[in-house]
1. Compute the semi-axes of the equivalent ellipsoid of segment 64-206, taking the square root of 5 times each eigenvalue of the Cα gyration tensor, and list them largest first in whole Å.
2. Among Tyr136, Tyr204, Tyr182, rank each residue by its count of other Cβ atoms within 10 Å, from fewest to most, as a rough exposure measure.
3. Please give the FRET efficiency for Arg84 paired with Met178, using the beta carbon to beta carbon distance and R0 = 25 Å, rounded to the nearest 0.05.
4. Only one of the values [x] 45, 44, 39; [y] 66, 37, 30; [z] 55, 37, 37 was calculated from this structure for Cα extents along the principal axes in Å; name its label.
5. Under 23 Å between alpha carbons: how many lysine pairs meet that in segment 1-157, if sequence neighbours fewer than 8 apart on the same chain are excluded?
6. I need the shape label for segment 7-145. Rule: rounded when a/c is under 1.5, else prolate if a/b > b/c, else oblate, with a, b, c from the alpha carbon gyration tensor.
7. Find out how many positive minus negative residues lie around Asn236, taking Lys and Arg as positive, Asp and Glu as negative, among other residues whose Cβ is under 15 Å from that of Asn236.
8. Rounded to the nearest 20 debye, what is the charge dipole size of the chain about its Cα centre when +1 sits on each Lys and Arg Cβ and -1 on each Asp and Glu Cβ?
Amino acid sequence: MSDEQQKTTHFGFEDIPESEKAGRVRGVFGSVASKYDVMNDAMSMGIHRIWKDAMMDWLAPRPGTRLLDVAGGTGDIAFRYLARAGYAHATVLDLTEPMLIEGRKRAEAERLSDSLDWVVGDAMALPFPDNTFDTYTISFGIRNVTRPQEALNEAFRVLRPGGRLMVLEFSQIPNDLMQKVYDLYSFNIIPRLGQAIANDRDSYQYLVESIRKFPDQETFLGMVRAAGFENAKYRNLSMGIACLHSGWKL
């Protein structure tokens, strides 16, 4: 067996061969696609909407720009970007086609059809030429990528000079007591909500575990810089439950 074949990664708290992760992630999101937006509201008590608005506030979308939203699923970020920009174009890319199908069903999708593309694709091997987009976003998706550094490298490649990266992801609370309280909620409530709303406890157990395996704010900031981005910074949201990382291709 070659070294490449022996490489492993995490799927929640389970170690698996790297070659299996994309298929498993596709299975998780294919299973929950029809209830994904409802579960986001239930899990976060609607706070995910505030986080996404904070993302747009910092991003400040400009008219006439081209957005690539990776792991864009049902289009939440793309719809917000287009509304803020006034006129722009958004490409929503996701590994899981059922998520994109759910996005196309949304009322915003029909109104904005001329400004939207929906593409099935892999964050680690984007099907776009170099220097194509003005903005790259990924929201609650990069922790599901098999090799996040490669996704960041691809983000840098497809952005135009002067383009901007913005990552919204769950992170770590820099307070041990608050982190323990959050862990109690996450591990005890979220999988039960998944069972009750989406009839899928296991997928939401994985999602909770995947958050705990994701690098902390400073570690991920180093990964953004390693991909080539400059003026890289982050902002904690809700005490660090979520975090925004920003970088520029200069």
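1. Over the Cα atoms of segment 64-206, the ellipsoid semi-axes are 29, 19, 14 Å.
2. Listing Tyr136, Tyr204, Tyr182 from fewest to most nearby Cβ atoms yields Tyr182, Tyr204, Tyr136.
3. Once rounded, the FRET efficiency stands at 0.20.
4. Of the labelled values, this structure produces [x].
5. 5
6. prolate
7. Neighbourhood net charge equals -2.
8. Here the chain has a charge dipole of around 580 debye.
Each value in this text was obtained by applying a stated rule to the coordinates, not by laboratory testing. For clarity, every value in this text was computed on a predicted model and none was experimentally measured. Quick reminder, even Gly has a Cβ in these numbers, built from the backbone with ideal geometry, and neighbours come from all protein chains shown.
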